[in-house]
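Please treat every number below as a calculation from the coordinates, not as lab data. As the structure is a computational prediction, the values presented were derived from the model and not from experiment. Heads up, the Cβs are rebuilt from the backbone with ideal geometry, glycines too, and the neighbour counts pull from every protein chain shown.
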Amino acid sequence: NSRPYRGSLILHRTSSGKVTVVNRLNLEEYLVGALASEVGQGWPLEALKAHAIASRTIVAHRIWINRGKPFDVSSSTHLYYGVAAERADTRASVEATAGQVLAYAGELLSATFSTNCGGHTEDAAELWPTQGELSPLRGRPDPFCRGLKHFRWRKTLSSQRFSDVLEKEGMG
């Protein structure tokens, strides 16, 4: 796509004869480019630093669970657009938090986050019951997403359509 990327490219031949191209680079350099695609211009430095730590934690967790595979994260999980996406503010936030991750009880904390929580986050135990109670991840009001594009959902489903969707997802 003619975009410059940091690091090197590694080619892996799959068992079906196809080739998987992997961009291998340092985690901190990856975060500079990935963070810029996930946060808007003008975010306060402290918000960028918090995002850098959460993102680093997610990627470190992926590296751990994907060990032995040809790649750690994919573009469907995190958006990394290479050197062209890098910004001075995201670089500053990554450098200011270099190596910092979130941990709980001596383990990497699953630091999953979303762009918009609709005004209130959910307890982690509700989303991942097998993890048990994670006291640092209790739901709480979030006044910062009010006014964002997807704060209020505007799609209306009939009761039947809603039931059909739940059934299709195995929740009906």
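Debye sum, Cα scatterers, the stretch 1-120, no solvent: what log₁₀ I/I(0) at q = 0.10, 0.17, 0.19 1/Å? One equal scatterer on each Cα of the stretch 1-120 leads to -0.33, -0.90, -1.09.
Ranking request for peptides 57-66, 7-16: highest mean number of other beta-carbon atoms within 10 Å first, then the rest in descending order. Mind dumping the intermediate values first?
Values: 57-66: 16.6, 7-16: 9.4.
Result, highest mean Cβ count within 10 Å first: 57-66, 7-16.
Within the stretch 86-107, find all residues whose amide N lies under 16 Å from a label point positioned 7 Å from the Cα of E28 along Cα-to-beta-carbon. Label zone hits: 87-101. Extent along the principal axes, Cα only, for the stretch 1-59: 47, 26, 17 Å, with the longest axis given first.
For the pair H12 and K69 in one chain, pulling the backbone fully straight at 0.36 nm per residue adds 19.5 nm over the alpha carbon distance.
What are the semi-axes of the equivalent ellipsoid of the stretch 62-106, taken as the square roots of 5 times the eigenvalues of the Cα gyration tensor, listed largest first and rounded to whole Å? Please report the intermediate quantities before stating the final value.
On the way: eigenvalues 100, 72, 12 Å².
For the stretch 62-106, the semi-axes come out at 22, 19, 8 Å.
If you plug the beta carbon distance of T112 and K155 into 1/(1 + (r/R0)^6) with R0 = 35 Å, you get a FRET efficiency near 0.90.
Using a Cα-Cα cut-off of under 12 Å, which aspartates and glutamates could be cross-linked to K49, ignoring same-chain neighbours fewer than 8 residues away? Correct list for K49: D89, E95.
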